[in-house]
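The next block holds one structure in the form of structure tokens; read it before the comments.
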Amino acid sequence: MEFSHQLFFLALLLPLAACINPTYQHCGQNFTDNSVLQDNINKTIYSLIANTPDTGYAISTVGDDSNTVYGLTRCRGDIGRKACSDCIVAASQDLQAICPGTSASRIWYEFCFLRYQTTKFFGTIDNSDVEGWVSSKAEEDPNKFNMAVLQLLNWVKTSAAAGSNKFGMGKRSFNIDASITIYGMAQCTGDLQGIMCMQCLEELTSRVINFCANTNGCFYMSSSCLLRFETYNFLLAPTIPTYPEVDAPAPSPYTVA
């Protein structure tokens, strides 16, 4: 039965080439001569593939004692079920190719994230690996632009921390003639409570403040959360909440139909 389970797992992966390249990956320590651990890793990944598309998030625990494997996946909150499924399968395939025989590995894409390891990490903030990309183009009125960006990010962060899917997004116009639109997004993994989600996002916000001032875009991500803004529409939702120019609550959490 174990053999047929592994054959089915491989058959699921092989026909699917990665639709996008991973943005970053981290391979943990190698292990040798432990078929039980490898089988538990396979089962964990299989469970994540099967369960993530329903909600865009999944966790899995397989095994006992030192051979226990903990896994987690997250899809970006504005993509649909099929896109989520495709991304997780690609991540599973690439992770096993890039990090074979490792007891802890993680991989990031623009639209999804997958990790597994042999120590329990659910419900804790992990910003040990933070990756970021910063645009080099500056705006003409940096002080006002930077303030507009932070206001928008604070708005979407509040939405993410309060929502059940831990995802927030929004947009706002900048300057008098509204010729520039800023788009923002924040997301945490589903195992974090609201206050921990906000704490994770605040740590990324400090990087935005320090390294992304007066730029047209910035994207930081860790194993527990991500934060992004751009002056082009990178979001895939059909409608995007608009930041109010007067005090108002954060937008309602977005749910993919």
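Run GLN151 past the list (1) under 30 Å from LEU48 (Cβ atoms); (2) surrounded by fewer than 19 Cβ atoms within 10 Å (Cβ to Cβ) and report the number of the one that doesn't hold.
Exception for GLN151: condition (1).
Inspect the stretch 26-40 for any residue being under 18 Å from ALA97 (Cα atoms), in contact with a Gly (Cβ under 6 Å, 6 or more places away or on another chain) and either without any contact (Cβ under 8 Å) to a residue 12 or more places away in the chain or not aromatic (Phe, Trp, Tyr) (or both) and give the result as yes or no.
yes
Which of the residues spanning the stretch 140-158 are part of a loop (DSSP other than H, G, I, E, B) and either out of contact with any strand residue (DSSP E or B) (no Cβ under 9 Å at 6 or more places or on another chain) or at pLDDT 90 or above (or both)?
From the stretch 140-158, those part of a loop (DSSP other than H, G, I, E, B) are 140-141; that's our starting set.
The answer is GLU140, and nothing else.
Taking the options ILE107, ILE98, ILE88, name whichever one is hydrophobic (A, V, I, L, M, F, W, C) and within 30 Å of ASN214 (Cα to Cα).
Details: ILE98 fails: within 30 Å of ASN214 (Cα to Cα); ILE88 fails: within 30 Å of ASN214 (Cα to Cα).
None of the others qualify; the one that does is ILE107.
I'd like the residue in the stretch 174-210 that is small (Gly, Ala, Ser) and touching a residue at least 40 places away in the same chain (Cβ under 8 Å) and, out of all such residues, is farthest from ASP126 (Cα to Cα). Even if it seems obvious, please write down each step before you answer.
Going residue by residue through the stretch 174-210, those that are small (Gly, Ala, Ser) are 178-179, 184, 186, 190, 194, 206.
From the residues that got through so far, the ones that are touching a residue at least 40 places away in the same chain (Cβ under 8 Å) too are 184, 186, 190.
Details: GLY184: 22, ALA186: 16, GLY190: 13 Å.
Per the criteria, the residue is GLY184.
The values are calculated or read from the model by the stated rules, or taken from the named source; none is laboratory data. No experiment lies behind these values; they were computed from the predicted model shown. Heads up, the Cβs are rebuilt from the backbone with ideal geometry, glycines too, and the neighbour counts pull from every protein chain shown.
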